[in-house]
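The values are calculated or read from the model by the stated rules, or taken from the named source; none is laboratory data. Everything numeric here is computed off the predicted structure, so don't read it as measured data. Glycine also receives a Cβ, built like all others from the backbone with ideal geometry; neighbour counts cover every protein chain displayed. To get the accessible areas, we keep the full protein, side chains included, count just its heavy atoms, and leave off ligands, DNA and RNA. Shrake-Rupley method; radii C 1.70, N 1.55, O 1.52, S 1.80 Å.
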Amino acid sequence: MQTRTEPQQHNPLMQITPRPAEIFVRGEGAWLWDAAQQRYLDWLQGWAVNALGHCPPVITEALQTQSALLLTPSPALHNLPSMQLAERLCALSGFHQAFFGCTGAEANEGAIKLARKWGRLMRDGAHEIITFENAFHGRNLATMAASGKPGWDALFPPHMPGFIKAQFNNLASVKEAIGKRTVAIMLEPVQGEAGVRPATREFIQGLRALCDRHGLLLIFDEVQTGCGRLGSLFGFEHYGVRPDILTLGKGLGGGVPISALLAQEHCCVFEHGEQGGTYAGNPLMCAVSLAVLNMLAQPAFLAHVRDMSALLREGLESLALQFDLGEVRGEGLLMALELGQDSAADVVNTCRQMGLLVNAARPHCLRFMPRLNSTAEEIRQGLGILQDALKHVGAELQMQSVA
Ligand SMILES: *Cc1c(COP(=O)(O)O)cnc(C)c1O
């Protein structure tokens with residue numbers, strides 16, 4: 001069996017990102033195995049996707065049962081799992097209706113379309129959406145334009161118009177950006193790809209007040225922060241405000257591709273033919289999502305996430321002290337550690353060689369996304385490997401500076 005990709009070998013996959021040479025073949029709970037039978041504690045978990053870890057039995061069972069019943073009848077026919085999932089999600093979130101897609105970008109693009117439609121009906125054609133510097137909303141053309149990743153506005157011209165950038169956690173910059181054509185404000189309550197940067201409570205509550213005053217929609221992209229990741233079922237609960245439109249993805253399927261667009265009654269304005277998708281609400285993914293959601297929504301489950309979060313935070317803070325690093329940020333099991341220098345890629349590689357998978361969200365910052373049902377033992381194990389890796393990388397950097 002092929003166990004690694006070699007640099008000189010022709011790779012028939014389009015090269016979209018640098019990847020380590022190992023080939024990953026199996027996952028179970030917190031663990032991932034490569035083809036050489038090396039085992040890794042996985043704190044990427046599919047990019048905060050596998051809320052319950054790799055291949056949890058609830059997903060295997062839901063897939064087996066539903067795949068023997070009905071896969072995809074047609075998005076133009078009703079199916080039971082999509083109705084049950086919509087009902088459950090709306091009941092849990094307090095939203096009025098749901099649309100299901102396959103990816104976060106698709107849900108966000110739906111949110112943008114819904115806001116533009118609402119602006120046409122209710123606000124005399126207002127259509128501009130205020131989004132934020134360093135935001136990440138996905139990789140289709142509209143969500144790339146909505147994102148604020150440095151350099152992205154120069155890619156794939158012409159750029160989709162209709163997005164005005166403001167500064168995150170800077171209410172004055174948002175006030176300044178509001179004009180006659182503004183229809184909505186869209187943000188991640190915690191900017192994930194930017195390096196886990198939480199919005200402040202005052203900022204979010206200020207945005208809600210601005211939206212109410214100016215008749216704007218507040219859109220939360222909770223593709224990363226939703227579904228228990230922050231220790232509450234939805235990130236907005238954390239901030240004591242309710243957005244008008246909410247998007248979910250990643251953890252919603254626990255490892256299978258499903259996303260959701262949820263809206264309050266006053267902005268459920270799509271008419272027939274304006275939104276859709278071949279796989280929209282397909283029963284296979286909806287059945288899995290329903291099984292996952294039923295686990296995540298249990299109060300004891302969310303309390304466990306908060307306990308593990310406290311353990312992880314405490315451990316990261318003590319590593320930050322030990323190695324004289326920077327800030328520990330985040331909520332729930334979405335955390336970051338500032339390294340104080342651009343050593344994140346080195347730390348990530350060293351961790352992987354030592355059996356821990358973590359992400360360098362920025363060149364100077366690590367991000368941690370362990371499974372939500374992590375055990376205390378796993379958290380301690382991961383922190384132990386991270387400590388060894390930091391020691392190793394620190395010693396190497398010191399040797400380089402002496403040399
Ligand atoms: C991952 C992510 C997306 C994009 O989701 P895809 O499933 O990759 O399209 C959008 N918004 C946020 C906040 C994300 O973290």
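Just to check I understand the Karplus step: with θ = phi - 60° and J = 6.51 cos²θ - 1.76 cosθ + 1.60, what whole-Hz values come out for region 62-75, glycine and proline as x?
Once rounded to whole Hz, the list reads 4, 5, 5, 5, 6, 5, 8, 9, 6, 8, 9, x, 2, x.
Using a 1.4 angstrom probe on the protein heavy atoms only, line up Arg88, Arg201 by accessible area, largest first. Before the final figure, lay out each step's value.
On the way: Arg88 80, Arg201 115 Å².
From most accessible down to least: Arg201, Arg88.
So how much slack lies between Arg242 and Ala91, counting 0.36 nm per residue of separation and subtracting their Cα-Cα distance, in nm? Mind showing how you got there, number by number?
Details: separation 151, 0.36 × 151 = 54.36 nm, distance 1.41 nm.
Length gained between Arg242 and Ala91: 52.9 nm.
Label point 7 Å out from Thr200 along Cα-to-Cβ: which residues of region 153-167 have amide N under 16 Å?
167
Taking amide H positions as placed in the peptide plane 1.01 Å from N, state which residues far from Phe163 in sequence (5 or more) or on other chains have amide H under 5 Å from it.
Under 5 Å from the amide H of Phe163 lie the amide H atoms of Ile129, each far enough along the sequence or on another chain.
Return P(r) of region 57-296 (all Cα-Cα pairs; 10 Å bins starting at 0; whole %; ordered from short to long distances).
8, 34, 36, 18, 4, 0
Assuming 0.36 nm per residue, please report the length gained on full extension of the stretch Phe156 to Met14 beyond their Cα-Cα distance. Before the final figure, lay out each step's value.
On the way: separation 142, 0.36 × 142 = 51.12 nm, distance 1.73 nm.
Extra length from Phe156 to Met14 when fully extended: 49.4 nm.
Need one number: nm distance between label points at His392 and Thr3, each 7 Å from Cα along Cα→Cβ, rounded to one decimal.
1.7
What is the extension gain from Glu317 to Arg213, computed as 0.36 nm multiplied by their sequence separation minus the C-alpha to C-alpha distance, in nm to one decimal? Please report the intermediate quantities before stating the final value.
Values: separation 104, 0.36 × 104 = 37.44 nm, distance 4.03 nm.
Taking Glu317 through Arg213 to full extension adds about 33.4 nm, to one decimal.
Beyond 13 Å, what share of the Cα-Cα pairs of region 1-72 is found? Please give it as a whole percent. Each step should come with its number before you reach the end.
Working: 1884 of 2556 pairs.
Tail of P(r) above 13 Å: 74 percent of Cα pairs.
Can you give the relative contact order of region 57-296 as a percent, counting alpha carbon pairs under 8 Å and 6+ residues apart? Mind dumping the intermediate values first?
Values: 471 pairs, mean separation 72.4, N = 240.
Rounded, it is 30 percent for region 57-296.
Once every DSSP H run of n ≥ 4 in the chain is given -39500 (n - 2.57) and the sum is divided by its residues, what mean residue ellipticity at 222 nm do you get, rounded to the nearest 500 deg cm²/dmol?
Numbers: 12 runs with 156 residues, N = 403.
Estimated from H runs of four or more residues: -12500 deg cm²/dmol.
Relative contact order, percent, of region 185-335 when contacts are C-alpha pairs under 8 Å separated by at least 6 residues? Numbers along the way, then the final one.
Numbers: 214 pairs, mean separation 36.5, N = 151.
Here the relative contact order equals 24 percent.
Which one, Pro20, Pro243, Pro198, has the greatest fluctuation when you compute a Gaussian network model over the chain with C-alpha springs under 10 angstrom?
Pro20
Amide H of Leu325: which non-local residues (sequence gap of 5 or more, or other chain) have their own amide H closer than 5 Å, using H built in the peptide plane?
none
Sort out for me the Cα centre separation of region 310-384 from region 34-79, rounded to whole Å.
Rounded to whole Å, the Cα centres lie 26 Å apart.
Mind checking which aspartates and glutamates have their C-alpha under 13 Å from Lys391, skipping anything on the same chain fewer than 8 residues away?
Counting by Cα, and skipping residues close in sequence, Lys391 has these aspartates and glutamates nearby: Asp324, Asp346.
Give the ranking of Phe323, Phe95 by solvent-accessible surface, highest area first, calculated with a 1.4 Å probe. Working shown, then result.
Numbers: Phe323 50, Phe95 10 Å².
Most to least solvent-accessible, the answer reads Phe323, Phe95.
Cα convex hull of region 302-402: mean projected area in nm², to one decimal?
Details: hull surface 22.9 nm².
The directionally averaged projection comes out at 5.7 nm².
Take the chain, connect every pair of alpha-carbon atoms lying under 10 Å apart with a spring to form a Gaussian network, then pick out the residue of Trp152, Trp31, Trp43 with the largest mean-square fluctuation.
Trp152
Give the relative contact order (percent, whole number) for the chain; include only Cα pairs under 8 Å separated by 6+ residues.
21
Ordered by residue, what ³J(HN,Hα) values in Hz, to whole numbers, does region 77-88 give under the Karplus form 6.51 cos²θ - 1.76 cosθ + 1.60, where θ = phi - 60° and Gly and Pro are x?
Going residue by residue, I get 10, 6, 9, 5, x, 5, 5, 5, 5, 4, 5, 5 Hz, with x marking Gly and Pro.
Report, by chain and number, residues whose modeled amide H sits under 5 Å from the one on Val190, excluding near sequence neighbours (fewer than 5 apart, same chain).
Ala199
Whole-Hz Karplus ³J(HN,Hα) for region 112-124, in order, using 6.51 cos²θ - 1.76 cosθ + 1.60 and θ = phi - 60°, x for Gly and Pro?
5, 4, 5, 5, 5, 5, 4, x, 5, 7, 10, 10, 6
Given region 81-174, what whole percent of its Cα pairs are spread farther than 19 Å?
Details: 2294 of 4371 pairs.
Tail fraction, whole percent: 52.
Spin-label point model (7 Å from Cα, Cβ direction): what's the Arg39 to Val269 distance in nm?
The modelled label-to-label distance comes out at 5.5 nm.
Stokes-Einstein D for the chain at 20 °C, 1.002 mPa s, Kirkwood Rh over Cα pairs, in µm²/s?
Taking Rh from Cα pairs, D becomes 97 µm²/s.
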